[in-house]
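Okay, so here's the structure we're looking at.
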């Protein structure tokens, strides 16, 4: 009986050590990831085609276009497309187009 208890205790310690290694690695990765994050803003044009789908295009990133059944879906899809586009530019050491800063002004006529 004592032998079984010892082996269980050893297994639990091994599991706990592996668990702690995973937690430390995740926290370290999170720290590195947070240090490298930069928020970029890009203008996106959204319109609805004749079939009812929403199309989104990012003029600053030639060819970066996406679509979706709803405005919400197309926004999510174009965000993923922009992310992939920028990652590809980074991977190929291409320049990243600058982020924009703009405001929308509402005017009543």
Requested in this report: Within 10 Å of each residue's Cβ, count the other Cβ atoms and sort 89, 61 from fewest upward.
Outcome: 89, 61
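Let me know the Kirkwood hydrodynamic radius for segment 48-109, please, with Cα pairs as the basis and the value in Å to one decimal.
It is 13.4 Å.
The numbers here are math on the coordinates, done by the rules we state, and not lab data. All values derive from a computational prediction rather than experimental measurement. A quick note on method: Cβ atoms are made from the backbone with ideal geometry, for glycine too, and the neighbour counts reach across all protein chains shown.
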